[in-house]
1. Looking at ASP119, ASP159, can you tell me which residue is under 30 Å from TYR194 (Cα atoms) and not hydrophobic (A, V, I, L, M, F, W, C)?
2. Among (1) assigned by TED's automatic domain parsing to the domain that holds PRO127; (2) under 15 Å from the mean Cα position of the chain (by Cα); (3) loosely packed, with under 14 Cβ neighbours inside 10 Å, which single condition is VAL103 missing?
3. I'd like to check something: does the range 86-98 contain any residue that is assigned to a helix (DSSP H, G or I) and either of a type in the set (S, T, N, Q) or farther than 18 Å from VAL160 by Cα (or both)?
4. Can you tell me which residues in the range 94-108 are farther than 22 Å from GLU134 by Cα and not charged (D, E, K, R)?
5. Among the residues of the range 162-187 satisfying the criterion of being in contact (Cβ under 8 Å) with a residue 40 or more places away in the chain and hydroxyl-bearing (Ser, Thr, Tyr), which is surrounded by the most Cβ atoms within 10 Å (Cβ to Cβ)?
6. Looking at ARG184, ARG198, ARG168, which one is within 21 Å of PHE121 (Cβ to Cβ) and out of contact with any Leu (no Cβ under 7 Å at 6 or more places or on another chain)?
7. Looking for something more than 30 Å from LYS5 (Cβ to Cβ) and of a type in the set (Phe, Trp, Tyr) - is there at least one such residue anywhere in the range 79-101?
8. May I ask you to list pairs of residues, at least six apart or on different chains, whose Cβ atoms are under 6 Å apart, with the first in the range 100-111 being under 14 Å from ARG14 (Cβ atoms) and the second being of a type outside the set (Asp, Glu) and surrounded by 10 or more Cβ atoms within 10 Å (Cβ to Cβ)?
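The values are calculated or read from the model by the stated rules, or taken from the named source; none is laboratory data. Nothing here was measured: the structure is a model prediction, and the numbers come from that model. Here the Cβ positions follow ideal geometry from the backbone for every residue, glycine too, while neighbour counts run over all protein chains shown.
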Amino acid sequence: MACYKLIYFNVRGRAELTRLCFAAAGLNFDDVRIPNNEWATMKSTTRFGMLPVLEVDGKKFSQSFAMARYIAREYGLYGKTNIDMFQIDEVVGLAEDLRDFFVKIYHEKDEQKKNTLRDKFDKTDLPRFLGYFEKLLTDADSGYFVGNKLSLADLAVYDVMEYPLDQRSDILKDSPKVKAHRNRVGSHDNIHNYLTKRVKTVI
């Protein structure tokens, strides 16, 4: 079996989906967390001047979604057919579209602008995306986004919902299928074990 090392900052961020893939597959990996004050020195040693980096048997790779998709393909989390993969990529892309909204809020320095963005997110953007997810789960009718077992699509939505839920715990009250899906993913044995042990971070 390959030896894996995932290198990122001590946050969920762009590495967490790959961490969840490792967890779902029951894989051991070296979860290296880089202190922020070491990044300036380390940056020039990365392929593209960015993190995360995934080492596979010592060979370094970049781009977070390439990493997650690689692990998903290797360990049965990427469907069975090209159409399955197409649908999974669609859900992953939708999850990332949602992420873009709250990342913008998180990085906004002007408090007035931040509050305006947060208000729009809570009242317009998040409900819209929850509606999309709810409809996809209704159409799938299996409890999962694609097929009848856990896939990268489920992990991507689980991951992207963490930050909004950190801000407000009641956001799924009107989204029963998304709420049930989240409980289903979180209770998966391997995911549950990972979640109970992982480092607590703010994003």
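1. Result of the check over ASP119, ASP159: ASP159.
2. (3)
3. Filtering the range 86-98 down to residues assigned to a helix (DSSP H, G or I) leaves 86-98.
Within this subset, residues satisfying the condition of being either of a type in the set (S, T, N, Q) or farther than 18 Å from VAL160 by Cα (or both) are 86-87.
For the range 86-98, residues assigned to a helix (DSSP H, G or I) and either of a type in the set (S, T, N, Q) or farther than 18 Å from VAL160 by Cα (or both): present.
4. VAL103, ILE105, TYR106, HIS107
5. SER175
6. Residue meeting the stated conditions: ARG168.
7. Checking the range 79-101: at least one residue is more than 30 Å from LYS5 (Cβ to Cβ) and of a type in the set (Phe, Trp, Tyr).
8. PHE102/TYR163
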